[in-house]
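Structure, as structure tokens:
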Amino acid sequence: MVTRRALLAGGAAMLAGCGPAKTRAARPVDVLGEQLRVTRLAVAAYAGVDAPALVADARARAGRVEAALRAAGGKPGRAPAGPSGAAAAYAAERRALAAHVAAVGELRDQRELLAGLIVGAAQAQAALAPLVHRDPLASAFPGQP
Amino acid sequence: MRRRELLLAAAGLLALPAPARAAGPTEGDVLGDLIGREQAAVVAYGAALRALGATAPQELVTVHAQESAHADALATLLAAVGLPRPRAPRPQGAAAQLAAATDLDAARRAAVALEQELVAAYKSALPQLPDPKIAMSAATILASHAQHRLIVSRDLMAAG
């Protein structure tokens, strides 16, 4: 017999596209540190891309994550370097979006911050899609792991 | 203390009202609100597409299909918490404007307003969903509505 709990876990896992829940609780500073890393990679990827509004938004997102990380007692590391250009920016925003969605499952008390990051990364991904010949509305569930 | 007094005291404890339910909506309440919004959006986009006929742009066709996928996904989550899929509510606000749109410009303007409402609803809902996997599913739908808002806004501006 399928229990209500099993249905819940199965249905949600199907939608979230991931397996069983992690049993070890993530440390907030680690999760926030990862959000900062992926957002900074997106910022770096815009080098050479003529998209000032997207760059400004990505920088603003990085600033919000950095502030949250400091408030949680963490210390931001050096900004990572990575590939740049339109294709790299599209890929970086896509990875950042997936990381933010995953973090929603790990940090309940940072959901407000994460919701703003998700909106920013999702919009950036859609805005960059035509530059790399991708469909901006390719998925009904963008960021699905 | 005599046995009778002890019994009365115990009975008094049992008769105390249970702690008041924590304030705020349940997970079912939050999911119920979200699916109602998605169902209204499906009805509204469907009506607009019928009114526009062959002039309907692909982006609105895609958005309509994705709203339907969101409603189906939320129905699965509702079923998992023991709640049935509700009947689609009558579109209100921006959804009603979209349902009544008879030209492309009006449809796009109403669609942008509707997507803005949906983004706000999901941003507000995320902190209220205790189950991590349900919250992650809602987060992907939030991302989808943010993309809808951007693309329909862009096409509205491009059309001048």
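Elements of the type helices (runs of 4 or more DSSP H) sitting completely within segment B:33-133 and holding at least 1 residues that are of a type in the set (Lys, Arg): these cover B:104-125. Within the span defined as segment B:99-113, one or more residues are of a type in the set (Val, Ile, Thr), more than 18 Å from A:ALA102 (Cβ to Cβ) and more than 14 Å from chain A (Cβ to nearest Cβ).
Of everything listed in (1) of a type in the set (Ser, Thr, Tyr); (2) open to solvent by 20 Å² or more (accessible area, probe 1.4 Å); (3) in contact (Cβ under 8 Å) with a residue 24 or more places away in the chain, the single unmet condition for B:THR26 is (3). Taking the numbered list (1) open to solvent by less than 50 Å² (accessible area, probe 1.4 Å); (2) at pLDDT 95 or above in turn, B:VAL43 passes all entries but (1). Looking across segment A:111-136, the residues that are surrounded by fewer than 21 Cβ atoms within 10 Å (Cβ to Cβ), farther than 16 Å from A:VAL55 by Cβ and of a type outside the set (D, E, K, R) come down to A:LEU113, A:GLY116, A:ALA129, A:PRO130, A:VAL132, A:HIS133, A:PRO136. For segment B:122-140, the set of residues classified as more than 7 Å from chain A (Cβ to nearest Cβ) and open to solvent by less than 10 Å² (accessible area, probe 1.4 Å) consists of B:TYR122, B:ALA125, B:LEU129, B:ALA138, listed by residue number.
Being crowded, with 21+ Cβ neighbours inside 10 Å and either more than 7 Å from chain A (Cβ to nearest Cβ) or farther than 20 Å from A:ALA99 by Cβ (or both) is the requirement here; does B:ARG149 meet it?
yes
Counting only residues that are open to solvent by less than 20 Å² (accessible area, probe 1.4 Å), more than 9 Å from every other protein chain (Cβ to nearest Cβ) and without any contact (Cβ under 8 Å) to a residue 12 or more places away in the chain, segment B:55-82 holds 0 of them.
The values are calculated or read from the model by the stated rules, or taken from the named source; none is laboratory data. Only a predicted model underlies this, so the values are computations on that prediction, with no experimental measurement involved. As a convention, Cβ positions derive from the backbone with ideal geometry for all residues, glycine included, and neighbour counts pool all protein chains shown. SASA here: full protein model, heavy atoms, side chains in, ligands and nucleic acids out. Shrake-Rupley method; radii C 1.70, N 1.55, O 1.52, S 1.80 Å.
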